[in-house]
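The values are calculated or read from the model by the stated rules, or taken from the named source; none is laboratory data. Quick caveat, the model's predicted, so the values are computed rather than measured. Cβ placement follows ideal geometry from the backbone for every residue including glycine, while neighbour counts extend to all protein chains displayed.
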Amino acid sequence: MGYTPLKYYQAGSFVVGNRLLDPDARSVQADPERSNTLTSGHRACQGCGEALGARYALDSAMRATGGRLIAANATGCLEVFSTPYPESSWQMPWLHSLFGNAPAVATGIAAALKVKGREDIRVVGQGGDGGTVDIGFACLSGMFERNDDVLFICYDNEAYMNTGVQRSGATPPAARTATTQAVGEPPGNVFGQGKSAPLIAMAHEIPYVATATVADLRDLEYKVERAMELRGARYLHILVTCPLGWGSASRDTIKVARLAMETGIFPVFEAEGGDVTSVSKIRRRVPVEEYLKLQRRFAHLFKPELQSDVIARIQARADRNIDRFGLVD
Amino acid sequence: MLEVRIHGRGGQGVVTSAELLSVAAFIEGRHAQAFPSFGSERTGAPVVSFCRIDDREIRTREPISRPDVLIVQDPTLLHQVDVFSGLGDDGYLLINTSRGFDELGLGEFVQRFRRERLLTVPASELAREHLGRPLPGAPLLGGFAGLSGLISIDSVAEAIRDKFSGAVADGNVAAARAAFDLVREELKELTSA
Amino acid sequence: MLRQMEGSAAVAETVALCRPEVIAAYPISPQTHIVEGLSALVKTGRLSPCEFINVESEFAAMSVSIGASATGARTYTATASQGLLYMVEALYNASGLGLPIVMTVANRAIGAPINIWNDHSDAMSQRDSGWIQLFAETNQEALDLHVQAFRIAEELSVPVMVCMDGFILTHAYERVELPTQEQVDAFLPPYEPRQVLDPDEPVTIGAMVGPEAFTEVKYLAHAKQMQALDLIPQVAEDFTRAFGRESGGLVRGYRIEDAETVVVALGSVLGTIEDTIDELRDEGMSIGALSIKTFRPWPLDEVREALANARRVVVLEKALAVGIGGIVSLNVRIATQGHPAHVHTVIAGLGGRPITMASLRGLLSEDDLPLVTFLDLDRDLVQRELDRTRERRRSGPHAENMLRDLGTVASGPV
């Protein structure tokens, strides 16, 4: 029998990819013995990108650490839907303190483990964009600055979703939220300076910074594993679609996230010590409209009138990302 | 109870002086309390510190308004701040200066008090000589020991060695002892005159 | 070992003897010497094993403490005033989660106007936070209370704040007896947490609790503080047996048995009050004092009993409940309900204003004390300012106006 090379492209599921791979290289989710760290029964919305991302990230972290893991969670969607008292979806030691202190709580956990000679147990801090980029930012920066041994994961759905979709420092320009409504001039969120937490993390020159989306979950798993190979402060920023807040169909969660990546709006990359070490190239570049039109939070850019100037500005930001990170060959 | 008030400027070791005095008293087996006036201290600003010494536990913590002993580490304060407030007729006064009371414009003022309890001593000069820096605290404590006999120079020296070490301790102790000797001399002249 | 040393240094040495495993430190006057001392002890290895973390804010300090304590480490931090306020969210979180963190509060006034000097407004502002609040009268008691605090906290799983007057105690040199490591080890067993984050026994801590159970959780916090009313005297007794001196407890009376007038106060001012009482007693006045050592939980029965025979109760407090008057007085009034005694509030020492024996004598010699008095208030100054606000809409900021009125900042001795 001859040898025929085959090329497989991800087509929306991992079925083909998993079966051709060695078991070690397969997605953690393919393993029936996986931790199910965020197990079923939680109260997330249908199509919740954060639940998807958290499940993949934490199961990957548990595999990488042999199940020796403690999590500190900020207030937010993840915390609320995963622990509807008296139930909990967490099959790991898990602490929720406050909205703005998850990085500091994680620092404290890591310090206690160190002093007790239990550094075999690793620490994950996690929260949404609100808790990470806004109210938790000082604690996050402090944790980076001290290089505390914590992997901090930000599940970025670009607004304060848990409280009803209010604008955060991570909300993209022109997006509709409850506090940047599609009324007045200009409708939706303003074009501010933005706050790139990954770039700011890189400015701290911490051991590892990476971005990921829920469109490429295998990549997300890999990045968590990579992060767990290292010690010190590490940061993972994951774009997670929020069907409710973004006004996208719950079946489009992965598709929308992929479009964010393929338009250049959300660059996917890794950095170590402050320098970019890898980027996920855009194989098939897509204009931003393809991404925007799937989300009602951007509907006012299309109806009643097409806001081509605003869309052009969004396109320009995406173009800048593509240039800056070298996302297109 | 003996109540000592020390005036100076920030950076001259006013607070340390009070602390050293309290340690010296402790060494002699007495109770002592030392604390600063807690102003927004910065170099050059007027600073006050307090020290109480007693043979029983000291309970009160108010600032000392009727001092038995007044030590002035910086003569430029004399006409700027009311350093003499509350000083009793039997009080002790020690001013860091190479000038005399008359030259300082205090000639009449000192008449109200017991003359043998008031002295000037060139503490900054002594400090410069023995320590290399014009920090008058230690020599003033030595001078106070000599002036009043209420604390022994050896206790002062031991307190200095408790806080400082090496050349710094040596220099401060030397300056303190020099001031002590100088004051004893001055007193002899005063009382024999 | 008997030493003549600064209060802060004594506290740092003693806290180190308690073997804290994680110390979170953010500096604020007048607590700085405590965290500085501890940092040196950790850095030189004298306190080991211990992780000393320089955090980026007081909010971070308490948050790091929460993470560490939940992971089973004996945890300590210190703050004052603005810093305490900055961590309020985390204070409630720590007590709500039942974490036995011990914290020194170097009592300092709260701004605006910014003021670094001593009063009790910081601790008083957090009296409802669920933390146990202990007050030290002397530096000896300050260091003793820290040893007791770890034991009380860990037994009940409730956080404890040890309050010591900023500057007046923290920066005062006085004689203290430092305990030995052996003494402290015998008194303070290793921390055995009631709840801990442990991969071998995973738990979820900090879930949302809805209306169906929130009341019960809060009741338990209250019940534990009430248990503290029994535990605190017990620990104080054990302490006396182990260390040979009295420290802590709920309240302490001074010449109170037959006193017609009783002065109630907290902290270092008791020393000045006692000297004043001795003088007034010599002059024939029937007067005593009651020192409140534990403010939270409020020792209702002990205060009621202590004031049972008083005709006049003068509560001298270093804090002000703006809009109503005294804070401690309100608590005292609960205890004296049904008593014939008149309870008078005297607000004194705010922002570090010295409380002098002369003022106390004047106050206590007055026959007709009003319900609320501000000791040594400059009435002319405030009247001028009130007049100024009446005359002009843009009357300017109060504080700056009054400083201008006073001329250059007073640099005299008192």
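Is it true that C:D230 is farther than 30 Å from B:S22 by Cβ and within 14 Å of chain A (Cβ to nearest Cβ)? Walk me through how you get there before you give the answer.
Values: farther than 30 Å from B:S22 by Cβ: yes; within 14 Å of chain A (Cβ to nearest Cβ): no.
So C:D230 fails the test.
If you check B:G107 against the conditions, is it touching a Phe, Trp or Tyr at 6+ places or on another chain (Cβ under 6 Å), loosely packed, with under 15 Cβ neighbours inside 10 Å and either over 22 Å from B:E3 (Cα atoms) or acidic (D, E) (or both)? If you could, list the steps in order and put the result at the bottom.
Details: touching a Phe, Trp or Tyr at 6+ places or on another chain (Cβ under 6 Å): yes; loosely packed, with under 15 Cβ neighbours inside 10 Å: yes; either over 22 Å from B:E3 (Cα atoms) or acidic (D, E) (or both): yes.
Yes.
Of everything in the range C:140-175 that's in contact with a Lys or Arg (Cβ under 6 Å, 6 or more places away or on another chain) and within 13 Å of chain B (Cβ to nearest Cβ), which residue is surrounded by the most Cβ atoms within 10 Å (Cβ to Cβ)? Before you say what the answer is, go through the steps one by one.
Narrowing the range C:140-175 to residues in contact with a Lys or Arg (Cβ under 6 Å, 6 or more places away or on another chain): C:156-158, C:166, C:168.
Within this subset, residues satisfying the condition of being within 13 Å of chain B (Cβ to nearest Cβ) are C:166, C:168.
Details: C:G166: 30, C:I168: 28.
The selected residue is C:G166.
Of all the residues that make up the range B:17-48, how many are under 30 Å from B:H79 (Cβ atoms), of a type outside the set (K, R) and more than 10 Å from chain C (Cβ to nearest Cβ)?
Qualifying residue count for the region: 4.
Which of the strands (runs of 3 or more DSSP E) found entirely inside the range C:45-131 contain at least 2 residues meeting this: surrounded by fewer than 24 Cβ atoms within 10 Å (Cβ to Cβ)? So that I can check it myself, show each step before the final result.
Working: elements: C:51-54, C:75-79, C:102-107.
By residue number, C:51-54.
Looking at the range C:190-226, which of its residues are away from chain A (no Cβ under 12 Å) and part of a helix (DSSP H, G or I)?
If we filter the range C:190-226 for residues that are away from chain A (no Cβ under 12 Å), which is where we start, we get C:192, C:194, C:215, C:218-226.
Those that are away from chain A (no Cβ under 12 Å) and part of a helix (DSSP H, G or I): C:T215, C:K218, C:Y219, C:L220, C:A221, C:H222, C:A223, C:K224, C:Q225, C:M226.
Report the residue count in the range A:270-298 for those that are crowded, with 19+ Cβ neighbours inside 10 Å and outside any loop (DSSP other than H, G, I, E, B).
7
May I ask you to list the residues in the range A:170-196 that are of a type in the set (G, A, S) and surrounded by fewer than 18 Cβ atoms within 10 Å (Cβ to Cβ)?
Pass one, the range A:170-196, residues of a type in the set (G, A, S): A:170, A:174-175, A:178, A:182, A:184, A:188, A:192, A:194, A:196.
If the condition is that a residue be of a type in the set (G, A, S) and surrounded by fewer than 18 Cβ atoms within 10 Å (Cβ to Cβ), then A:A178, A:G184, A:G192, A:G194, A:S196 are the ones that fit.
Are any residues in the range A:13-36 at pLDDT below 75 and either surrounded by 10 or more Cβ atoms within 10 Å (Cβ to Cβ) or assigned to a helix (DSSP H, G or I) (or both), and if so, which ones?
A:F14, A:V15, A:V16, A:G17, A:N18, A:R19, A:L20 - these are the residues of the range A:13-36 that are at pLDDT below 75 and either surrounded by 10 or more Cβ atoms within 10 Å (Cβ to Cβ) or assigned to a helix (DSSP H, G or I) (or both).
Tell me which of these C:R108 doesn't satisfy, since it passes every other one: (1) within 17 Å of the chain's Cα centre (by Cα); (2) within 17 Å of C:P159 (Cβ to Cβ).
(2)
Free of Cβ contacts under 8 Å to residues at least 40 places away in the same chain, more than 21 Å from C:A259 (Cα to Cα) and more than 14 Å from chain B (Cβ to nearest Cβ), is that true of C:V346?
On the way: free of Cβ contacts under 8 Å to residues at least 40 places away in the same chain: yes; more than 21 Å from C:A259 (Cα to Cα): no; more than 14 Å from chain B (Cβ to nearest Cβ): yes.
When the stated conditions are applied, C:V346 does not pass them.
Determine which single condition A:D219 fails, assuming it passes every other condition in (1) more than 25 Å from A:R296 (Cβ to Cβ); (2) assigned to a loop (DSSP other than H, G, I, E, B).
The one condition A:D219 does not meet is (2).
Looking only at residues in the range B:156-193 that are of a type in the set (D, E) and in contact (Cβ under 8 Å) with a residue 60 or more places away in the chain, which one is nearest to B:R30 (Cα to Cα)? Lay out the reasoning, then the answer.
Of the range B:156-193, the ones of a type in the set (D, E) are B:158, B:162, B:170, B:181, B:185-186, B:189.
Now restrict to residues that are in contact (Cβ under 8 Å) with a residue 60 or more places away in the chain: B:158, B:162, B:186.
On the way: B:E158: 15, B:D162: 17, B:E186: 28 Å.
Only one residue fits best here, namely B:E158.
Being assigned to a loop (DSSP other than H, G, I, E, B), touching a helix residue (DSSP H, G or I) at 6+ places or on another chain (Cβ under 9 Å) and either on the phi > 0 side of the Ramachandran plot or of a type in the set (S, T, N, Q) (or both) is the filter here; which residues of the range A:299-329 pass it? Quick ask: steps written out before the conclusion?
Looking only at the range A:299-329, we keep the residues that are assigned to a loop (DSSP other than H, G, I, E, B), and these are A:302-307, A:326-329.
In the following step, the residues that additionally are touching a helix residue (DSSP H, G or I) at 6+ places or on another chain (Cβ under 9 Å) were identified as A:302, A:307, A:327-328.
The answer is A:Q307, and nothing else.
On the given criteria, is B:L126 within 17 Å of B:R66 (Cα to Cα) and crowded, with 19+ Cβ neighbours inside 10 Å?
Working: within 17 Å of B:R66 (Cα to Cα): no; crowded, with 19+ Cβ neighbours inside 10 Å: yes.
No: the conditions fail for B:L126.
Step by step: first the residues of the range A:73-105, then only those that are more than 19 Å from A:V240 (Cα to Cα) and part of a strand (DSSP E or B), then the one that is farthest from the chain's Cα centre (by Cα). Which residue is that?
So, considering only residues that are more than 19 Å from A:V240 (Cα to Cα) and part of a strand (DSSP E or B), the one farthest from the chain's Cα centre (by Cα) is A:P84.
Does A:G131 qualify as being in contact (Cβ under 8 Å) with a residue 24 or more places away in the chain, at the interface with chain C (Cβ under 9 Å from one of its Cβ atoms) and either of a type in the set (S, T, N, Q) or out of contact with any strand residue (DSSP E or B) (no Cβ under 7 Å at 6 or more places or on another chain) (or both)?
no
Sort out which residues of the range C:1-48 are charged (D, E, K, R), within 21 Å of C:V176 (Cα to Cα) and away from chain B (no Cβ under 14 Å), and write them in order of number. So that I can check it myself, show each step before the final result.
If we filter the range C:1-48 for residues that are charged (D, E, K, R), which is where we start, we get C:3, C:6, C:13, C:19, C:21, C:36, C:43, C:46.
So of that shortlist, the ones also within 21 Å of C:V176 (Cα to Cα) come out as C:3, C:6, C:13, C:19, C:36, C:46.
Matches in the range C:1-48: C:E13, C:R19, C:E36, C:R46.
I'm trying to understand the selection: among the residues of the range A:63-82, which are facing another protein chain (nearest Cβ under 7 Å) and closer than 22 Å to A:L239 by Cα? It would help to see each step written out before you state the result.
Kept after step one, since they are facing another protein chain (nearest Cβ under 7 Å), are these residues of the range A:63-82: A:67-70, A:72, A:80.
Scanning the range A:63-82 gives A:A72, A:V80.
Of the numbered conditions (1) within 10 Å of another protein chain (Cβ to nearest Cβ); (2) within 24 Å of B:K163 (Cα to Cα), B:V83 satisfies every one except a single condition; which is it?
(2)
Got at least one residue in the range C:11-31 being free of Cβ contacts under 8 Å to residues at least 24 places away in the same chain and under 25 Å from C:S268 (Cβ atoms)? Talk me through it step by step, then tell me what you get.
The first filter runs over the range C:11-31 and keeps only residues free of Cβ contacts under 8 Å to residues at least 24 places away in the same chain, leaving C:27.
Now restrict to residues that are under 25 Å from C:S268 (Cβ atoms): C:27.
Within the range C:11-31 (the criterion being free of Cβ contacts under 8 Å to residues at least 24 places away in the same chain and under 25 Å from C:S268 (Cβ atoms)), the answer is yes, since at least one residue qualifies.
Taking only pairs six or more apart or across chains, which ones have beta-carbon atoms under 7 Å, a first residue in the range A:106-126 that is outside any helix (DSSP H, G or I), and a second residue that is of a type in the set (K, R)?
A:D120/A:R68; A:I121/A:R68; A:R122/A:R68
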